[in-house]
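Report on one structure; see the data block that follows.
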Amino acid sequence: MPRAFTPKVITSNRLLEGDAVWFTTDNGWTGDIKDAEFITDEAHADLRLIEANAQKGVIVGAYLADAKMGEDGPEPTHFREEFRTRGPSNYAHGKQVEKV
């Protein structure tokens, strides 16, 4: 029996910078998961993933990631996605500098 669909966000990496980004309702990309489109319908998720992957000059490797709705917007439900919201881990730059 197939698994029941759970809410998702679409995430990827910016092609030039490599930063983790999330797909928004206006077909753009944001560096903050809280601004991502929260998707609760499987068919809509599949369609949005196709639209996201069409932006080959902007991003690479878009995929659906499990999410839940938090007080301020979507939040990750898996460790990997939580880790990606913090920015690169090899040295302090990008999102990590903002938190210091």
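Brief remarks on what is shown
- If the segment from residue 68 to residue 14 were pulled out straight at 0.36 nm per residue, it would be longer than the present Cα-Cα gap by 17.1 nm.
- Helical runs assigned H by DSSP (4 residues or longer) give the chain a calculated mean residue ellipticity at 222 nm of -6000 deg cm²/dmol, each run adding -39500 (n - 2.57) before division by the residue total.
- For the stretch 24-70, the set of trypsin sites (Lys or Arg not before Pro) satisfying both a DSSP loop assignment and a count of at most 15 other C-beta atoms within 10 Å is given as 56.
- Using C-alpha pairs under 8 Å with a sequence gap of at least 6, the mean separation divided by the residue count of the chain gives a relative contact order of 28 percent.
- Solvent-accessible heavy-atom area per residue, rounded to whole Å², over the stretch 32-73 at 1.4 Å: 59
- FRET efficiency for the residue 44 to residue 77 pair, using the beta carbon distance and R₀ = 30 Å, is estimated at 0.95.
- Portion, in percent, of the accessible area of the chain that falls on carbon or sulfur, probe 1.4 Å: 53
The values are calculated or read from the model by the stated rules, or taken from the named source; none is laboratory data. Note that the structure is predicted; figures quoted are calculated from it, not measured. Positions of Cβ are backbone-derived with ideal geometry, glycine not excepted, and every protein chain shown enters the neighbour counts. Accessible surface is based on the protein model in full, side chains and every heavy atom, while ligands, DNA and RNA are left aside. Shrake-Rupley method; radii C 1.70, N 1.55, O 1.52, S 1.80 Å.
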